[in-house]
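Engineer: Encoded as structure tokens, here's the structure I'll be asking about.
Bear in mind that the values in this text are calculations on the coordinates, not laboratory data. All figures in this text were calculated on a predicted structure; none of them were measured in a lab. Cβ placement follows ideal geometry from the backbone for every residue including glycine, while neighbour counts extend to all protein chains displayed.
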Amino acid sequence: MSFERFATYREIKSQPEAWAQAIELTSVASLPKATDYEQVIFTGCGSTYYLSLAAAALYQELTSCAARAVPGGELLLNSQTILTDQRTLLVAISRSGRTTETVKSVEKFKAEKRGEVVVISNYDEVLSRLADVNIVISKGQEESVAQTRSFASMYVAVTAFCARIAGRDDLLPTLSRLPEIGNWLIGNYESYAREIGENLNYDSFYFLGSGIRHGLACEVNLKMKEMTLTHSEPFHFLEFRHGPMSMVNEKAVVVGMLSDANRAHEAKVLSEMKALGGTVVALGESDADVEFRSGIPESVRGVLYLPVLQLMAFYRSVMKGLNPDRPNNLTAVVKLNF
Ligand code: F1P
């Protein structure tokens with residue numbers, strides 16, 4: 001039976017179209033100026049908190065301005081540990097635009113006149129009504145509870161947002177090549193993703209990513225949990241040696257999201273894990289199990305790590321007889337009575 005019966009499969013495979021819309025919309029949005037703010041906060045929940053982690057790291061790398069990511073629930077209930085009396089730009093990220101913690105934390109931020117709000121979403125919902133700058137990537141909308149196409153579309157929007165606010169419009173033309181490379185990656189590596197995904201001898205997955213890639217490692221870790229109910233954890237590369245590598249054995253898969261800048265240190269970690277019996281899956285621009293061969297600058301090609309790993313989780317889910325569209329215990333939106 002065709003895998004097309006799953007919304008998750010259709011959404012993963014079609015995501016480059018949503019990336020293109022994200023680039024288009026963010027390239028024309030009127031954005032605030034980084035220098036107008038002493039503090040920049042990114043916020044979201046679950047997948048979109050992990051997206052915020054990736055976004056804050058990229059924002060700081062490109063602008064040299066301090067940026068931080070916090071869960072919506074923390075910004076709502078523990079804002080005294082996050083906000084100062086400094087002028088603050090808040091970037092709120094949410095697929096649905098309806099998650100209670102994210103909406104309520106933005107309402108509170110505005111009521112306290114803390115600064116301006118940028119919203120990046122896939123639905124023009126209540127969160128968008130609170131936005132000073134509202135970016136809605138409708139082609140990222142999805143049926144499946146597990147975020148794949150939506151996450152990637154918002155991540156590409158964040159990438160373009162950070163490049164533009166940093167005054168790096170020179171990076172925008174390279175961004176426009178992402179969709180074609182995404183389609184090539186999916187075509188070229190789907191069988192590889194399926195081979196690893198369908199191998200149920202594996203019982204644990206570790207996702208290693210540092211710098212602007214750490215938030216992405218957290219996200220693919222969540223995909224593996226949500227879709228396959230498998231033990232999975234994200235780590236910064238060098239951190240993995242400080243205890244967690246005790247878990248590596250023949251049943252473990254260690255996924256490395258290699259950078260260019262620190263490749264030697266990162267590849268060393270992976271080679272040590274292979275020596276411990278782990279199966280290594282390395283992704284990077286070149287010399288890797290999954291090679292992007294993109295020619296796109298490292299700071300703006302992070303989305304390329306996602307499709308193959310999303311497919312890996314998808315195939316494992318189906319092999320385990322689960323439904324990737326309806327993860328155990330989860331709903332598409334968490335609504336709370338506050
Ligand atoms: C956030 C979220 C997702 C999670 C699940 C429930 O939604 O927590 O991260 O994977 O789908 O909703 P949103 O605010 O991004 O719509």
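Engineer: Distance from the Cα centre of the range 1-79 to that of the range 287-338, in angstrom?
Structural biologist: 15
Engineer: Moving to a separate point now. Looking only at the range 39-61, which residues have a backbone nitrogen under 16 Å from a spot 7 Å from the Cα of Ser79 in the C-beta direction?
Structural biologist: Residues 39-44 qualify, since their backbone N sits under 16 Å from the label point.
Engineer: Could you grab the relative contact order for the chain? Cα pairs under 8 Å, six or more apart, rounded to a whole percent.
Structural biologist: Details: 686 pairs, mean separation 68.9, N = 338.
Relative contact order of the chain: 20 percent.
Engineer: Also, quick follow-up: Give me the lysines in straight-line cross-link reach of Lys320: C-alpha distance below 20 Å, same-chain residues under 8 apart excluded.
Structural biologist: Excluding near neighbours in sequence, the set is Lys223, Lys225, Lys251.
Engineer: Taking the dipole about the Cα centre of the range 88-240, with the C-beta of Lys and Arg at +1 and of Asp and Glu at -1, give me whichever of Ile137, Phe207, Gly182 is farthest to the positive side.
Structural biologist: Ile137
Engineer: How much length would be gained if the chain were fully extended between Ser271 and Ala111, taking 0.36 nm per residue of separation minus their Cα-Cα distance, in nm to one decimal?
Structural biologist: 52.4 nm
Engineer: Tell me the angle of helix 214-228 to the major Cα principal axis of the chain, expressed in degrees between 0 and 90 and rounded to the nearest ten.
Structural biologist: 60
Engineer: Considering only C-alpha atoms, what is the centroid distance from the range 119-172 to the range 186-248, in Å?
Structural biologist: 24
Engineer: Another question, if that's okay. Would you count, across the range 1-157, every pair of lysines whose alpha carbons are under 26 angstrom apart, provided the pair is eight or more residues apart or spans two chains?
Structural biologist: Within the range 1-157, the lysine pair count is 7.
Engineer: Defining a contact as two alpha carbons under 8 Å apart and six or more residues distant in sequence, what relative contact order in percent does the range 3-175 show?
Structural biologist: Numbers: 334 pairs, mean separation 50.7, N = 173.
In percent, rounded to a whole number, it is 29.
Engineer: If you don't mind, there's one more thing I want to ask. As I understand it, the value is the acute angle between the Cα axis of helix 47-63 and the longest principal axis of the Cα atoms of the chain; what does it come to in degrees, rounded to 10?
Structural biologist: For 47-63 against the chain, the angle is about 70 degrees.
Engineer: Between the helical axis of 306-319 and the dominant principal axis of the chain, each derived from Cα atoms, what acute angle in degrees is found, rounded to the nearest 10?
Structural biologist: Between helix and principal axis, roughly 60 degrees.
Engineer: Oh, and also: Suppose each label sits 7 Å from its Cα in the direction of the beta carbon; what would the Arg168-Glu24 distance come out to in nanometres?
Structural biologist: 2.5
Engineer: Write down the Kirkwood hydrodynamic radius of the range 178-319, to one decimal in angstroms, obtained as one divided by the mean of 1/r over all alpha carbon pairs.
Structural biologist: Evaluated on the range 178-319, it is 14.8 Å.
Engineer: So, with +1 on the Cβ of K and R and -1 on the Cβ of D and E, and no other charges, what is the size of the charge dipole of the chain about its Cα centre, to the nearest 20 debye?
Structural biologist: Dipole of the chain, to the nearest 20 debye: 520 debye.
Engineer: Can you give the Rg and Dmax of the chain based on its C-alpha atoms, in angstrom?
Structural biologist: Rg and Dmax of the chain, Cα atoms, are 19.0, 58 Å.
Engineer: Where does each of 145-157, 272-284, 206-218, 43-55 land if you order them by average Cβ count within 10 Å, highest first? All intermediate terms of the calculation are to be shown ahead of the outcome.
Structural biologist: Details: 145-157: 29.0, 272-284: 18.2, 206-218: 24.7, 43-55: 26.8.
Descending packing order for the listed peptides: 145-157, 43-55, 206-218, 272-284.
Engineer: Hey, can you rank 329-338, 160-169, 246-255, 116-125 by average C-beta count inside 10 Å, highest first? Mind dumping the intermediate values first?
Structural biologist: On the way: 329-338: 10.9, 160-169: 20.3, 246-255: 18.2, 116-125: 22.7.
Highest mean packing first, the order is 116-125, 160-169, 246-255, 329-338.
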